[in-house]
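*Asks:* Can you read through this structure? Questions will come right after.
The values are calculated or read from the model by the stated rules, or taken from the named source; none is laboratory data. Keep in mind that what you see is a predicted model, and the values were worked out from it rather than measured. Here the Cβ positions follow ideal geometry from the backbone for every residue, glycine too, while neighbour counts run over all protein chains shown.
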């Protein structure tokens with residue numbers, strides 16, 4: 001194909017600085033929220049001894065999952081040899097790094113003792129998936145950085161395929177690790193399932209691509225770079241397939257549970273009478289995050305509808321993680337079958353949880369951090385092609 | 001030598017030997033006991049046996065535990081720590097009502113220890129599951145993993161700590177089986193209170209020691225573990241459940 005020309009964005013417009021200013025304000029709000037929570041203790045949040053992972057974890061896991069998924073675009077180019085995706089590969093690698101940075105920042109700042117991060121770096125229990133994840137995340141940084149280098153440095157271009165393959169395998173393991181954080185929790189029926197690992201992988205494909213599409217559209221529009229229909233059509237179909245596959249995995253997960261007598265009550269909770277969790281499942285996860293995007297992606301052709309579908313996928317993804325993470329904790333743990341259980345520690349009842357402002361601010365701050373890092377990186381290094389117009393890319397699309 | 005004299009010498013020798021031997025035997029005894037500096041040993045497996053048919057409708061064990069360990073609340077039940085709690089059970093079909101104390105079950109294969117990224121959650125050789133307050137980073141993964149809801153996250157600054165029981169905001173904690181008392185050869189506060197003011201439902205002891213009451217009763221009477229399906233081999237056993 002014709003040589004792709006990349007270029008830094010100018011990044012000196014009023015709009016660029018307004019964007020950075022707004023993101024900076026959100027980052028500061030997130031940092032402030034974190035300081036507030038650490039200073040007072042977590043009682044000022046909506047979290048409790050029954051819901052120990054709250055809104056920050058929804059955002060953090062969303063960003064971490066999306067980070068590994070967004071690299072898919074580059075993998076399709078390098079590993080699967082699709083030339084059309086090649087001009088998008090650098091941005092894909094960049095977003096993988098920045099989204100992971102945002103997610104990890106949220107995760108770390110929500111720790112009870114964030115200042116002890118050094119302890120987590122020096123004391124390892126290798127039976128813990130968290131401990132593996134520390135290596136998987138830091139390794140991901142190194143490998144994606146290397147991968148980006150093989151893309152940027154002309155003399156290294158030949159190595160971008162093996163580097164891409166390595167990064168692809170690594171990210172599959174990484175998301176397996178993220179899914180297994182929940183999948184290996186044998187004592188909690190809503191989680192304990194090997195299905196969660198592959199489900200998290202396909203969720204990462206979907207969430208990551210949705211973010212990629214929106215960032216690509218915004219970057220091209222705001223910098224006046226042409227973005228042709230050929231590229232978008234491909235991404236559109238790809239996102240449609242991913243969204244449908246997520247729905248498939250969700251259906252299989254619930255159908256499996258519906259077959260296990262011990263799990264009847266859990267399914268009843270999530271699918272029928274779980275209040276906010278049932279509502280978020282059907283309206284957030286399934287309707288907004290699944291059915292609506294599919295209709296927009298396959299029933300319309302407009303670019304605006306594509307963008308709307310991507311936004312829906314992100315909102316639906318957040319709803320899905322909310323239902324899984326918080327709903328899964330809210331549902332009482334089964335300790336005494338066939339007994340009504342009650343105690344001063346909220347045994348036997350659905351735990352109450354309402355997200356607090358600091359939690360949301362911290363989560364949104366993580367998103368803002370990822371986007372701000374992306375914007376600055378686009379200005380510093382040539383991540384973005386000068387043109388993705390049909391004539392410039394479709395020769396390779398055949 | 002007259003028989004009297006011979007007898008006298010015999011008694012004398014025996015007395016002398018006794019005087020010399022007794023401290024030696026005592027010394028051997030002392031040498032075999034575990035000093036506070038000595039590491040816990042897998043020769044012991046500390047545990048509790050709780051007969052819930054005797055468990056009275058009181059909370060002496062809870063009060064004693066929280067008193068002993070300096071666990072105080074802030075009037076916020078959702079976030080206040082609870083190391084032990086009374087759980088009420090009611091059979092869904094028959095309405096048969098029971099009550100029992102629930103705390104860390106000191107599993108042989110504790111899920112909290114498996115998931116802890118830094119190894120702050122750990123099990124002593126004698127089976128007591130603890131949190132190292134210096135390496136806990138407050139990630140709460142152990143709380144997610146515990147099948148018994150036994151762990152609490154410290155949601156705010158703690159005051160009035162006991163010197164034997166360090167606590168700290170932003171870390172996780174749970175029943176220590178009163179490890180500081182056990183290491184002094186005493187029984188946990190909950191057991192002491194139950195036997196003094198409660199239904200005398202709790203027995204503490206070494207599950208490995210054939211002469212211990214807990215071992216004898218587990219050998220001769222039926223007992224259950226909560227969530228036995230998980231095969232965690234809990235150190236806390238129940239009767240009458």
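*Asks:* Look at residue A:84 and say whether it is away from chain B (no Cβ under 14 Å), outside any loop (DSSP other than H, G, I, E, B), in contact (Cβ under 8 Å) with a residue 40 or more places away in the chain and within 19 Å of residue A:200 (Cα to Cα).
*Replies:* Numbers: away from chain B (no Cβ under 14 Å): yes; outside any loop (DSSP other than H, G, I, E, B): yes; in contact (Cβ under 8 Å) with a residue 40 or more places away in the chain: yes; within 19 Å of residue A:200 (Cα to Cα): no.
When the stated conditions are applied, residue A:84 does not pass them.
*Asks:* Considering the stretch B:106-115 alone, what residues qualify as being buried (at least 20 other Cβ atoms within 10 Å of the Cβ) and facing another protein chain (nearest Cβ under 10 Å)?
*Replies:* First pass over the stretch B:106-115, keeping only residues buried (at least 20 other Cβ atoms within 10 Å of the Cβ): B:106-107, B:110-113, B:115.
Selection gives B:111, B:112, B:113, B:115.
*Asks:* Does residue A:5 satisfy the condition of being surrounded by fewer than 18 Cβ atoms within 10 Å (Cβ to Cβ), over 25 Å from residue A:178 (Cα atoms) and touching a strand residue (DSSP E or B) at 6+ places or on another chain (Cβ under 8 Å)? Let's see the steps before the verdict.
*Replies:* Values: surrounded by fewer than 18 Cβ atoms within 10 Å (Cβ to Cβ): yes; over 25 Å from residue A:178 (Cα atoms): yes; touching a strand residue (DSSP E or B) at 6+ places or on another chain (Cβ under 8 Å): yes.
Here the answer is yes, as residue A:5 does meet what is asked.
*Asks:* Something else about it: Kindly indicate which of A:349, A:291, A:252 is surrounded by fewer than 18 Cβ atoms within 10 Å (Cβ to Cβ), modelled with pLDDT of 95 or more and not in a helix (DSSP H, G or I). Talk me through it step by step, then tell me what you get.
*Replies:* Details: A:291 fails: not in a helix (DSSP H, G or I); A:252 fails: not in a helix (DSSP H, G or I).
Sole residue among the options that is surrounded by fewer than 18 Cβ atoms within 10 Å (Cβ to Cβ), modelled with pLDDT of 95 or more and not in a helix (DSSP H, G or I): A:349.
*Asks:* Still on this model: Restricting attention to the stretch B:116-155, which residues are in contact with a helix residue (DSSP H, G or I) (Cβ under 7 Å, 6 or more places away or on another chain), within 12 Å of residue B:106 (Cβ to Cβ) and within 7 Å of chain A (Cβ to nearest Cβ)?
*Replies:* Listed by number, the list holds a single entry, B:146.
*Asks:* Exactly one condition in (1) within 23 Å of residue A:180 (Cα to Cα); (2) in contact (Cβ under 8 Å) with a residue 40 or more places away in the chain; (3) within 26 Å of the chain's Cα centre (by Cα) is not met by residue A:303; state its number.
*Replies:* Answer for residue A:303: the failing condition is (1).
*Asks:* Residues being touching a helix residue (DSSP H, G or I) at 6+ places or on another chain (Cβ under 9 Å) and closer than 25 Å to residue A:178 by Cα: count how many of those fall in the stretch A:333-355. Full working, then the answer.
*Replies:* Here is the first cut: in the stretch A:333-355, the residues touching a helix residue (DSSP H, G or I) at 6+ places or on another chain (Cβ under 9 Å) are A:334, A:337, A:344, A:350-353, A:355.
Now restrict to residues that are closer than 25 Å to residue A:178 by Cα: A:334, A:351, A:353, A:355.
Counting residues in the stretch A:333-355 that are touching a helix residue (DSSP H, G or I) at 6+ places or on another chain (Cβ under 9 Å) and closer than 25 Å to residue A:178 by Cα gives 4.
*Asks:* Got a number for residues in the stretch B:207-241 being free of Cβ contacts under 8 Å to residues at least 12 places away in the same chain and part of a loop (DSSP other than H, G, I, E, B)?
*Replies:* Qualifying residue count, the stretch B:207-241: 3.
*Asks:* Another one. If you take the residues in the stretch A:303-331 that are touching a helix residue (DSSP H, G or I) at 6+ places or on another chain (Cβ under 9 Å) and surrounded by fewer than 19 Cβ atoms within 10 Å (Cβ to Cβ), which one is farthest from the other protein chains (Cβ to nearest Cβ)?
*Replies:* Of the stretch A:303-331, the ones touching a helix residue (DSSP H, G or I) at 6+ places or on another chain (Cβ under 9 Å) are A:303, A:305-331.
Applying the additional criterion that residues be surrounded by fewer than 19 Cβ atoms within 10 Å (Cβ to Cβ) yields A:303, A:305, A:307-308, A:311, A:315.
Values: A:303: 42, A:305: 39, A:307: 36, A:308: 35, A:311: 31, A:315: 25 Å.
By that ranking, first place goes to A:303.
*Asks:* Considering only residues that are within 7 Å of another protein chain (Cβ to nearest Cβ) and assigned to a helix (DSSP H, G or I), which ones fall in the stretch A:39-64?
*Replies:* A:40, A:42, A:43
*Asks:* Would a scan of the stretch B:208-216 turn up a residue that is buried (at least 16 other Cβ atoms within 10 Å of the Cβ) and in contact with a strand residue (DSSP E or B) (Cβ under 6 Å, 6 or more places away or on another chain)?
*Replies:* Yes, the stretch B:208-216 has at least one match.
*Asks:* If you don't mind, there's one more thing I want to ask. Out of everything in the stretch B:62-80 that is part of a helix (DSSP H, G or I) and more than 15 Å from residue A:345 (Cα to Cα), what residue ends up being nearest to the other protein chains (Cβ to nearest Cβ)? Break it down stepwise before answering.
*Replies:* So the first thing to find is which residues in the stretch B:62-80 are part of a helix (DSSP H, G or I), and the list is B:62-69.
Within this subset, residues satisfying the condition of being more than 15 Å from residue A:345 (Cα to Cα) are B:64-65, B:67-69.
Values: B:64: 16, B:65: 13, B:67: 16, B:68: 18, B:69: 16 Å.
Among them, the one singled out is B:65.
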